[in-house]
Structure formats: C-alpha cells, structure tokens
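Structure, as structure tokens:
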Amino acid sequence: MLDALRRRLDALGVRTATGRDALLGGVVAVLSVALFLAVLRVVSSGLGETFGASASVGAMSTGATVATCVVLVGQSMALTLRRRWPVLCLALTLLGQLVLVPLLPPFVSFQGPAALVAAYSAGVYAPRRPALGAAAGTAVAQVLLGFVLGGPATAAELGVPVGTQLWGGLVSALVTYVGAALVGAYVGTRRELLAELRARVAQAEREREALAAQAVLAERGRMARELHDVAAHHLSGIVVQAAAAERLVDGDPERARESLRWIRAQGRETLENLRLVVGILRDTGDRGEDAPSAPQPTLADVPALLDLARSTGTRVQETRRGEPFELPPTAQLTVYRVLQESLANARRHAPGSAVDVETTYDEDAMELTVRNGRGDPSSAATQVDDEVPGHGVIGMTERAELVGGRLSARRTSGGGWQVRLTVPRPEGVTTGASRAGQGAR
C-alpha cells in the first residue's frame, strides 16, 4: 500500500521527502480546519443550552475564527520539517497550540492533530531518548502554559478544583504525546531493523557472488592444468615420434610406419582425453550417472605412464625407497601429473637423455624426484618450441600447493634438469602392504 502511494506521488511529481511532508502538512491543515469548525458548531449550540440562553459561551467572532484557522494551517505546515528537524517541528506545533488558547472561547479546548503527528515523527526520526523527553516536555509545557493562559478562570467558573484540573490535563497530555512518540519509536526501530536486514541480505548476496566467482576461477585454473597436462604429455610424444618417423622414412620404412601407427594411437587417446576434459567445461548438470568424466589417474597408473615414455625411446629408470602409504586421490593425481609433465619436458627439451624417477616414502612425506641429463642439441626433436616459455612449472607448483606440498625445479650441474615434489603424509594413514618393498626397474 505504501509502495503504491509512493508511486502515485512520484507520478504527480512529488518525489522528495520535503515535498511529501509539505503535502502531508496541507492535508493535516485541511482536516484540522474542518474538524475545528465542526467542533465549534457543536459546542456553540450545546453549551448555550447547558448554561442558559443568557450565557454567551461557545461563541466566536469571525475574526477569532479566521485567526484560529490560520494558526491551525501554520501549525500543520510545520510538519514540513518533521524529517529534517523533528524536535523543532514538535516545538513549533506546541507554539501553535499555545497560540490557540486565548483565541478559543471559555470552556472550549481544541487539540490540533498536527501536534500529535509531530510527536509521532519525533519518535520515528529523532534519537529515541531525546524524542521521548521532547514529547513529555511538550505535554507538560502545553498543560502548564495553557493553564496559565486560560485555565484558572475556566476552572473557577466550572467549580472544578484547580489541582484536579491540572493533574487531569497533565496525565491526559502525557498519555497523548508520549504514546504518539512511543508508536513512532516502534515504527522507526522496525524500519531500522528492516533496513539492516536488507543490507545484510545484500551483503550476503555480494559475498555469495564473490565466492561463486572465486570458485569459477579456481575451477577454470584446475581445468586449465588438466588440459595442459593431457595435451603437453601426449602431443610432445607425438612430436618426438613424428620427428623420428621423418628421419626413418627413407632408410627404414617399416620402423617409420611403426612410429606413425604409434602416433595414430596416441592421437586417438589424446582426442578422447581432451573430449572428456572439455565435456566437464560444457557440462550442464544433466549427465547421467554412467556418463564419462574427465580422466583422474592415480599412482596405480604410474607404471603405464613409464611404459609409455619408454615406448617413445626415452630411457627411464625407476627407484623406490621406503614403505609406501596411501595418499588421498587429489594427492595421487598431483604426483601423477607432476611425473607426467616432467617426462614430457624431458622428452621435449632433452631427447635421448636418460630419466631417473625416484620415489621415497618416509615418516612425514612422500618425495618424487625426476632427473634427466642434457639432451642431444642436434636431435630434430629439440625443435619443439624450445624457445617458447611454457606453464608447466607454474602448473606443477600450483598442484603441489593445493595438496599442501612443495615443488622445486632447477638445473643440475651437468646441464640437465631436476624436479622434486614433496607431498605430506596424511594423518592416521598406515603403510600399504600391497606396495611394500623397494627396488629398481
């Protein structure tokens, strides 16, 4: 309802708070004058019959009536200040109420509605304690000053004790003004709570959107690492085999055909893996439970990875030390991807060199070290974007940090390269008997 009223006022061009308060003052002024004239008509006829035809009570001259209407209009228009200066607005309405006392005939009193609206507005827009104090002070001032301006003669003529009339008026005024201020304070407090609730909801919505954006960025980074690892590993092997096939195509056609068959098989596997990864990026959440997902290799897939590297002509020697223990799936994927990226880098930048893969399990962590020697600069396989900086080390470092591990990559004294990954041992994990033992391949 209030929203509809605001829209109607906006349509009429009354858009500011001051303009709306001025309009409210005009409406209260019309109601106040109409109510006063109605009360005056009833009182003029009723009091004459009560006190006798000779009693000139309840009658007002035309000038006094006009002056009273003017005061009521001014008192009502003071409501224009009710939001910006609510206490001043209350004081001005009190002043108008006091001006009415000498203008009204004996035995007649009239409470302007504007004073009650001002007390309500003070409760809404002023601090709570000052608003209640101002309302109580207004009630006391109106009763005492009104009594001084016109009360004693009236009280004497009615035969009502002064103390009784004074205390009765004071109680009535306090209930009226303080009650209006309390209602305003309740409304103001409710508005503040609703505004705070809306602000909290908006803040929660902003935080939710920020978290969602952060999750999207994290997921994008994860998928970018998956795409890089899958593409770099398979494509580097394909490039190496293509270079070898190019050299063998004239001298040894059969071996060249074997290389081409290997390239075809690896290309098919690469496409399948890329489809699975890209499918995650395009997933709308409607896939069934049996739909394929992106490949998530574990440590059980390491032997196949080493065999694949050997099939490309890379000499790989594996050494294991310590008692193996189980790692979480995320940590196993990290170890696999780091080993995969290290083998791909060795194949790209040091073709023909041997690669040593050393896995060490101790009480606190699992450590993977991949070393390779210096490659043959004359090999055609070295012409694989050797001067283009990649993101392999950056991706491996990010993976290590995600599982709480550390990664270091540096050149060795012999011109080769060493990558070392350290993954902390999970709490409460025992050694895996299925992988116990140590040896070399």
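The values are calculated or read from the model by the stated rules, or taken from the named source; none is laboratory data. Computed from a prediction, not measured in an experiment: that's the story for all the values here. Cβ: placed from backbone, ideal geometry, glycine included. Neighbour counts: every protein chain shown.
Observations on the model:
- Condition check for V87: at pLDDT below 90 and out of contact with any Phe, Trp or Tyr (no Cβ under 6 Å at 6 or more places or on another chain): no
- Restricting region 207-251 to residues that are more than 20 Å from E401 (Cβ to Cβ), surrounded by 14 or more Cβ atoms within 10 Å (Cβ to Cβ) and not hydrophobic (A, V, I, L, M, F, W, C), the residue that is modelled with the highest pLDDT is R247.
- Unique match (being more than 24 Å from V240 (Cα to Cα), of a type in the set (A, V, I, L, M) and modelled with pLDDT of 70 or more) among L276, L299, L271: L299
- Residue, nearest to R264 (Cα to Cα), within region 324-350, restricted to residues that are out of contact with any Gly (no Cβ under 8 Å at 6 or more places or on another chain), touching a residue at least 40 places away in the same chain (Cβ under 8 Å) and surrounded by fewer than 19 Cβ atoms within 10 Å (Cβ to Cβ): T330
- Taken together, the criteria place T298 among residues that are touching a helix residue (DSSP H, G or I) at 6+ places or on another chain (Cβ under 9 Å) and surrounded by fewer than 19 Cβ atoms within 10 Å (Cβ to Cβ).
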